[in-house]
Amino acid sequence: DAKTTQPNSMESNEEEPVHLPCNHSTISGTDYIHWYRQLPSQGPEYVIHGLTSNVNNRMASLAIAEDRKSSTLILHRATLRDAAVYYCPYERGAQKLVFGQGTRLTINP
Amino acid sequence: NAGVTQTPKFQVLKTGQSMTLQCAQDMNHEYMSWYRQDPGMGLRLIHYSVGAGITDQGEVPNGYNVSRSTTEDFPLRLLSAAPSQTSVYFCASSYSNGPWDEQFFGPGTRLTVL
């Protein structure tokens, strides 16, 4: 069954860049790559998505491998407010996102 | 815009009771969905709707019913609550069901079934 794989947890320091990896080895050619994050006691929040090219927005950057089997979410300067669980859900049909357990990101002051 | 709103925030039920979790959005989004999140787990899709009058099952639909009579509202009904339905429930909406659309999630309803 299709799925994504992420490290359970990562830790970084405030104001340093953070690179969060995701493996999606069974992705198909038309599946978009999504990233969401969930702050404590809140609903998930959209971060970024892409198809083939690297993407930038005000929150983060998304680097997509050439074969699309992996992607990396880049937070350029982490803040304490970036501490959250980060998900790279795969898509089982239009908008039917399947979330794994995600990566819990801890930011040290 | 209020975005996606959910009521109630917390609910405790006894086994066998029924209830409806409310979800509303004011963004004129066509696509709405319900997820559940168990402790330490990711979200799992329960039901979704691509527009008023159209609903379909997600990954874990058993024990839940939905209907979509208006664009704004997408209630989730628990027919006969069971302890296995103890979870946090999230409603989400997006402009369409296009894979490029971002989903907006509500704050969640924390449900405990005794």
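Readers should treat all values here as calculations from the given coordinates under stated rules, not as data from a laboratory. Just so it is clear, the structure is predicted and the values come from calculations on it, not from any experiment. Neighbour counts are summed over all protein chains in view; Cβ atoms, including those assigned to glycine, are modelled from backbone coordinates with ideal geometry.
Of the residues B:LEU43, B:LEU21, the single one that is within 21 Å of A:TYR87 (Cα to Cα) and touching a Pro at 6+ places or on another chain (Cβ under 8 Å) is B:LEU43.
Within the range B:57-76, restricting attention to residues that are in contact (Cβ under 8 Å) with a residue 24 or more places away in the chain and among the charged types (D, E, K, R), the residue that is surrounded by the most Cβ atoms within 10 Å (Cβ to Cβ) is B:ARG68.
Among the strands (runs of 3 or more DSSP E) confined to the range A:13-108, the ones with at least 3 residues that are within 10 Å of another protein chain (Cβ to nearest Cβ) and either surrounded by 15 or more Cβ atoms within 10 Å (Cβ to Cβ) or touching a residue at least 12 places away in the same chain (Cβ under 8 Å) (or both) are located at A:33-38, A:45-50. Of all residues in the range B:18-56, those that are within 18 Å of B:ASN97 (Cα to Cα), touching a strand residue (DSSP E or B) at 6+ places or on another chain (Cβ under 6 Å), touching a residue at least 40 places away in the same chain (Cβ under 8 Å) and polar (S, T, N, Q) total 2.
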